[in-house]
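Note sheet for the following structure.
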Amino acid sequence: MTTTKTDTIEGTVAEYVTAFIGGQLFGLPISRVQDVFMPERLTRVPLSSAEIAGVLNLRGRIVTVVDMRARLGLPKNDDGKPPMAVGVDLRGESYGLLIDQIGEVLRLRDDGREENPVNLDPRMAKLAGGVHRLEGQLMVVLDVDRVLEIVPKVVLAA
C-alpha cells in the first residue's frame, strides 16, 4: 500500500479521490480507495437498513454497497444517470460507496485542511474528517471509518 503523504517544499501533501453526492464535493483519502466501478447486478439484502444498497460480486469478492445518498439523508437521485461506486476496505472486508459522479484526484496541502465548520450540515459533519476550501466550493473530507460505522447494525437474526 502506498502512502498518501508526500513531503514537498511547501509542506506535507495529501491526495484525495473526489466524488459528487447530491451536488456536494467530497474527498476520500486515496490510500483508502481500492478502485472505482459501475455497480452492476446489485442484490438487495433482506432486513438491512436503507443505507445498504445491496451486495455484488466484484472480481470474485462479495462487496457490500453503501448508498451514500441515504447515508447523508439525501433523496434518491432521479437524474437518470447510473451511479458510480468507490471501492474501499475496512478490516479486510470490501465495501462500495455509491456516489453520483467521480471527480479527479486532487493533491492538497495538509495545512489547508480545516476542522468541520460549525455550520456544516450535521449529517455531513458526522461523516467528515475536516474540509478543504477550494475555489468556489467546499470539499468535505470523508472519514471512511465513520461512513462504515453503520455496518455492525446489519447483522441478520439467526
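The values are calculated or read from the model by the stated rules, or taken from the named source; none is laboratory data. What you see is a predicted model, and the numbers here were worked out from it, not measured in a lab. Please note: Cβ atoms are built from the backbone with ideal geometry, for glycine as well, and neighbour counts cover all protein chains shown. Note: areas computed on protein heavy atoms with side chains; ligands, DNA, RNA excluded. Shrake-Rupley method; radii C 1.70, N 1.55, O 1.52, S 1.80 Å.
Below are the figures for this structure:
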| read-out | value |
| --- | --- |
| Whichever residue in the range 102-122 is in contact with a Lys or Arg (Cβ under 8 Å, 6 or more places away or on another chain) and outside any strand (DSSP E or B) and, among such residues, is most open to solvent (accessible area, probe 1.4 Å) | D110 |
| Candidate set: the range 85-101, residues that are more than 21 Å from R123 (Cα to Cα) and assigned to a strand (DSSP E or B); chosen: the one most open to solvent (accessible area, probe 1.4 Å) | E93 |
| Residue match in the range 122-138 (condition: within 19 Å of A53 (Cα to Cα), in contact with a strand residue (DSSP E or B) (Cβ under 8 Å, 6 or more places away or on another chain) and without any contact (Cβ under 8 Å) to a residue 40 or more places away in the chain) | no |
| Test: residue in the range 101-112 that is farther than 15 Å from V17 by Cα and free of Cβ contacts under 8 Å to residues at least 24 places away in the same chain | yes |
| Residue count for the range 17-76, restricted to those that are within 16 Å of L148 (Cβ to Cβ), of a type in the set (D, E) and loosely packed, with under 13 Cβ neighbours inside 10 Å | 0 |
